[in-house]
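The values are calculated or read from the model by the stated rules, or taken from the named source; none is laboratory data. Everything numeric here is computed off the predicted structure, so don't read it as measured data. Every residue, glycine as well, gets a Cβ built from its backbone with ideal geometry; the counts of neighbours run over all protein chains shown. In case anyone asks, the SASA skips ligands and DNA or RNA and just uses the protein heavy atoms, side chains included. Shrake-Rupley method; radii C 1.70, N 1.55, O 1.52, S 1.80 Å.
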Amino acid sequence: MKYDYLIVGAGPFGAVFAHEAMKHNKKCLVIDKRNHIGGNIYTENIEGINVHKYGAHIFHTNDKEVWEYVNRFATFNRYTNSPIANFKGKIYNLPFNMNTFYQLWGVSDPTEAGEIIESQRLKCEEPANLEEQALSLVGRDIYEKLIQGYTEKQWGRSCKELPAFIIKRLPVRFTWDNNYFNDQYQGIPVGGYTPIIEKLLVGSEVRLNTDYFEQREYFDNIATKIVYTGMLDEFYNYQFGSLEYRTLKFDSEILDKPNYQGNAVVNYTDQETPFTRIIEHKHFEFGTQAKTVVTREYSKEYELGDEPYYPVNDQKNNASYLSYKERADQEENIIFGGRLAEYKYYDMWQIVRNALDTARRELREA
């Protein structure tokens with residue numbers, strides 16, 4: 001065999017695995033059907049601004065080892081994720097906190113805010129759908145203005161048709177804190193995410209514009225083992241049916257002005273606005289460029305040829321996934337990893353953690 005590992009996918013899972021394997025003097029070939037490395041965390045410099053080409057990515061974690069690991073490859077800034085919501089032209093802070101409650105009801109007393117939420121909550125032992133779940137957690141005002149429209153656009157279905165588990169909990173804070181995450185470590189890599197992936201892949205051979213499935217027989221015979229990070233159902237030729245995803249469409253433009261919306265992320269939570277949010281990329285790195293780049297993000301059903309983003313983890317899809325997983329678990333020379341191969345939405349830190357754990361286990365046994 002020419003290579004120890006063929007790694008299908010140059011995203012964060014594949015890149016971390018390749019880096020760890022390289023440290024053990026393993027020979028890796030990394031292939032990706034896209035024309036760039038980085039997967040969905042790829043950033044491209046446009047007008048001096050690091051543009052998140054596949055949606056906003058904020059690194060956050062409580063895992064100290066993972067935080068220290070990624071900081072070996074980049075300097076992270078002090079960016080704090082504080083998105084805002086635009087509902088029919090009115091602005092609200094996220095996550096739900098005292099700023100939000102003041103904007104909704106004019107209250108500044110945490111006890112009073114709690115009483116309003118409690119009076120609006122749906123008393124429901126076992127919510128039958130997402131709408132009932134949300135109403136039981138935060139009440140009608142927050143649900144109708146800040147959850148319903150955004151969620152229905154994101155999933156393309158009525159909240160009454162969506163399973164309750166999608167929002168097992170909703171963060172409600174009775175403090176004036178707009179930090180979306182509770183994690184100890186948070187930031188954006190100065191210079192974007194792409195340089196991190198570039199450094200992780202040093203020492204590995206990389207081929208872009210290369211589709212594993214177009215030359216599968218060839219690739220299956222040039223490496224001792226395969227690390228596969230693509231769609232699990234595609235790997236097995238959809239034997240147990242197609243797994244469903246939601247995907248995203250992006251509409252970006254360069255504006256000849258230094259500031260468009262004053263915040264990196266603004267969610268549009270009404271149903272009339274067709275997009276879910278607008279991202280202004282320069283604010284991730286506190287940019288002072290003369291121009292700005294904004295991206296409108298639209299959610300849609302996945303179709304063949306699209307990039308899959310969010311697994312639809314309902315009962316039907318999960319049952320199909322388990323059939324695929326049962327077969328995947330029997331493979332001796334194939335390692336499956338990442339959100340597509342595991343049919344699960346992961347935060348970035350979880351991908352790094354899983355890739356590290358997988359690589360260490362594999363290299364210890366190899």
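Across segment 262-274, computed HN-Hα scalar couplings (Karplus, 6.51 cos²θ - 1.76 cosθ + 1.60, θ = phi - 60°) run x, 8, 5, 9, 10, 7, 9, 9, 8, 7, 6, 6, x Hz from first to last residue, x flagging Gly and Pro.
For Tyr228, the amide hydrogen comes within under 5 Å of the amide hydrogens of Val8, Ile335, Phe336, Gly337, counting only partners 5 or more places away or on other chains and with H modelled in the peptide plane. Straight-distance candidates among the lysines for linking to Lys168, with alpha-carbon spacing under 29 Å and chain neighbours fewer than 8 residues away dropped: Lys64, Lys88, Lys90, Lys123, Lys145, Lys153, Lys160, Lys249, Lys300, Lys316, Lys325, Lys344. Amide H contacts for Gly139 (H built 1.01 Å from N in the peptide plane; partners 5 or more residues away or on another chain; cut-off under 5 Å): Leu122. When both segment 306-320 and segment 197-219 are represented by their alpha-carbon centers, they are found 26 Å apart.
Which semi-axis lengths, in whole Å and largest first, follow from the square roots of five times the eigenvalues of the Cα gyration tensor of the chain?
Three semi-axes, in Å: 37, 25, 19.
Across segment 1-52, Cα pairs under 8 Å and at least six residues apart give a relative contact order of 37 percent.
The modelled label-to-label distance between Gln215 and Phe240, using points 7 Å beyond Cα along the C-beta direction, is 3.1 nm. Given R0 = 35 Å, the distance between the Cβ atoms of His24 and Gln315 translates into a calculated FRET efficiency of 0.25.
Could you give the semi-axes, largest first, of the ellipsoid that matches segment 4-105, computed as the square roots of 5 times the alpha carbon gyration tensor eigenvalues and rounded to whole Å?
Values for segment 4-105, descending: 37, 17, 12 Å.
Membrane-span-like helices of the chain, defined as complete DSSP H segments with a Cα extent of 20 Å or more along the helix axis and a mean Kyte hydropathy of at least -1.0, are identified as 348-365. In percent, rounded to a whole number, the relative contact order of the chain is 27, using alpha-carbon pairs under 8 Å and six or more apart. Overall shape: prolate for segment 300-349, with the ratio a/c of the largest to smallest alpha carbon gyration tensor axis at 1.5 or above and a/b above b/c. For Lys26, the lysines whose Cα falls under 16 Å of its own Cα, not counting residues fewer than eight places away in the same chain, are Lys2, Lys225. Going by Cα centres, segment 227-241 and segment 153-183 are how many Å apart? Using only Cα atoms, the two centres lie 30 Å from each other.
Taking 0.36 nm per residue of sequence separation and subtracting the Cα-Cα distance, how much length would be gained by fully extending the chain between Gln184 and Gln350, in nm to one decimal?
Gain on stretching Gln184 to Gln350: 58.3 nm.
With a probe of 1.4 Å, find how much accessible area the chain has per residue, and write the answer as a whole number in Å².
Solvent-accessible surface per residue comes out at 47 Å².
For Asn97, the residues whose modelled amide H falls within less than 5 Å of its own, excluding neighbours fewer than 5 places apart on the same chain, are Arg173. Here Lys257 is the anchor, and the lysines within straight C-alpha reach of less than 22 Å, apart from those fewer than 8 places off in the same chain, are Lys53, Lys282, Lys291. How large a share of the accessible area of the chain, in percent, is made up of carbon and sulfur atoms when the probe is 1.4 Å and the other protein chains stay in place? C and S fraction of accessible area: 45 percent. In terms of its C-alpha gyration tensor, segment 103-165 comes out oblate, because a/c is 1.5 or above while a/b does not outweigh b/c. In segment 228-366, one over the average inverse separation of all distinct C-alpha pairs is 17.8 Å, which is the Kirkwood hydrodynamic radius.
Does segment 218-304 come out rounded, prolate or oblate, given a ≥ b ≥ c as the square roots of the eigenvalues of its C-alpha gyration tensor, rounded meaning a/c under 1.5 and, failing that, prolate meaning a/b above b/c? In terms of gyration-tensor shape, oblate.
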